[in-house]
């Protein structure tokens, strides 16, 4: 009589091994699927394509699966959830449901209010991993990090100059289109940038908030203070590429370059004599008006040019 026990043992072992490998395979695949689902948590209902970020899903839907999106009837911006559309429409309705209890500034989104409140609390929870500078809002930190990376994602479609911030591109484009949306409420002079308007308004207010740390002379504009400080340092960063003469102010270099080019953009409206510098034109016009604004403090003799007064004062100084 044949003994089938060894064969039975072998079959049993094979079945156990098959069960073990099947269980291992099932758990591994399941784990990979779970990991994939965690990484790709946003899934398109039309084509079942999965994405790791909601913004990537939205871009996909706008390009391939538009029928699943809900559009704003005012600006046509698309959303995948009705609740997001409702929140968005508060922008058009002017509805500001979330109000700051410190300054009463109102916001259409709770997340914007929470970001704003960090201004009052001084909380700066987002830190640059390169220089460790801190920020109250994540978007500000992301913009800052482009300084380190050199990334300039916003490019001018006219001259191709690139910028790290969208706001800087908008300001730059006003140079091409001539737009000057910021206007002085005193003299109506218009500016392309708000910062230039704020600096200009110091002329009317008499405010001079920028002070030289060497001689304490004050200025209404920071750029004027920085240019003044070159008098103390002797720095002359603007150099003529024809004769290499250097200047502390860019405007002085521009005026000097007219000597080489022969350009004379300033013309007398009485005798049509032309000049390369505006100051020379003003001095010339005094020959027609007889004005002598520069007076000697010793003998009170008056002159039409300051340089003539300086030469005259050498008589008194010996």
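The numbers here are math on the coordinates, done by the rules we state, and not lab data. A quick note: this is a predicted structure, and the numbers were derived from the prediction, not measured. Methodologically, a virtual Cβ is constructed for each residue, glycine included, from the backbone with ideal geometry; neighbour enumeration extends over all protein chains shown.
Just a few scattered comments:
- Between residue 56 and residue 317, the modelled labels are 7.4 nm apart [label points 7 Å from Cα along Cα→Cβ].
- A Förster radius of 30 Å, combined with the Cβ-Cβ distance separating residue 140 from residue 250, puts the computed FRET efficiency at roughly 0.45.
- Using every pair of separate Cα atoms, the Kirkwood estimate puts the hydrodynamic radius of the range 154-246 at 16.0 angstrom.
- Taking the convex hull of the alpha carbon positions in the range 98-191 and averaging its projected area over all directions gives 8.9 nm².
- For residue 300 and residue 15, the difference between the fully extended length at 0.36 nm per residue and the C-alpha to C-alpha distance is 90.5 nm.
- Modelled spin-label separation between residue 208 and residue 155, with each label point placed 7 Å from Cα along the Cα-to-Cβ direction: 4.6 nm.
- Shape parameters for the range 236-318, alpha-carbon atoms, Rg then Dmax in Å: 16.1, 44
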